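Report on one structure; see the data block that follows.
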Amino acid sequence: MLHHLELWVQDLAASEASLGWLLLRLGFAADSRWSAGISYRHEDFYIVLESGPDVLPGGHDRTRAGLNHLAFHAGSQEEVEALAAEAGEHGFSLLFADRHPYAGGPQHYAAYLADEAGFEVELVASAAER
């Protein structure tokens, strides 16, 4: 089990508006805030968004070595679709639109989204709902 995940971002306000919004919608709660970051907690796990002086310029690229994407359980197929549609209003775009919602294969119902900073998230439908 992961204890926490820390994402260094170029623009904290923009990442709060996209990734932060998504984490809140997925059931995380804003846990703590400081001048260069914010953490979102779900039970014993938390995710940090941070943009401090140690963050080097250049932005995130999901196709380079390192983090490709985060995948989250997102409820039923209908809930995945509603969340993906709403995400467009928060800086996300749908990836692999030509293969949506089965870009991960014929038995894997999910929406793949990227925010304006290039962070990718996968919203996975519950197995019981597929």
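Laboratory data are not the source of any read-out in this text; all were calculated from the coordinates shown. Values in this document were obtained by computation on a predicted structure and should not be read as measured data. So basically every Cβ, Gly included, is an ideal-geometry build from the backbone, and we count neighbours across all protein chains shown.
For a quick check: sort Ser51, Ser15 by the number of other beta carbons within 10 angstrom, fewest at the front. Before the final figure, lay out the partial values.
Working: Ser51 20, Ser15 25.
Least to most surrounded, the residues fall as Ser51, Ser15.
Rounded to the nearest 20 Debye, what is the dipole magnitude of the range 4-129 about its Cα centre when Lys and Arg each give +1 and Asp and Glu each give -1 at the C-beta? Before the final figure, lay out the partial values.
Values: 6 positive and 20 negative charges, 39 e Å.
That gives the range 4-129 a dipole magnitude of about 180 debye.
Just to be sure I understand: with springs between alpha-carbon atoms less than 10 Å apart, which residue in Asp11, Asp54, Asp115 has the highest mean-square fluctuation in the Gaussian network model of the chain?
Judging by the Gaussian network model, the answer is Asp54.
Fewest Cβ neighbours within 10 Å first, please rank Leu23, Leu94 accordingly.
Values: Leu23 24, Leu94 16.
Fewest-to-most ranking of Leu23, Leu94: Leu94, Leu23.
Of Leu70, Leu26, Leu95, which has the largest mean-square fluctuation in a 10 Å C-alpha GNM of the chain?
Comparing Leu70, Leu26, Leu95 in the GNM, the peak value goes to Leu70.
What does the charge add up to near Ser32, with Lys and Arg as +1, Asp and Glu as -1, over the other residues with Cβ less than 12 Å from its Cβ?
On the way: positive: Arg33, Arg41; negative: Asp31, Glu50.
Spelling it out: positives minus negatives among the neighbours equals 0.
Note down the relative contact order for the chain as a percent, whole number, built from C-alpha pairs under 8 angstrom at least six residues apart.
Working: 220 pairs, mean separation 31.5, N = 130.
RCO, the chain: 24 percent.
Ranking Asp44, Asp61, Asp98 by Cβ neighbours within 10 Å, fewest first, what do you get?
Details: Asp44 9, Asp61 12, Asp98 5.
Ranked by crowding around the Cβ, least crowded first: Asp98, Asp44, Asp61.
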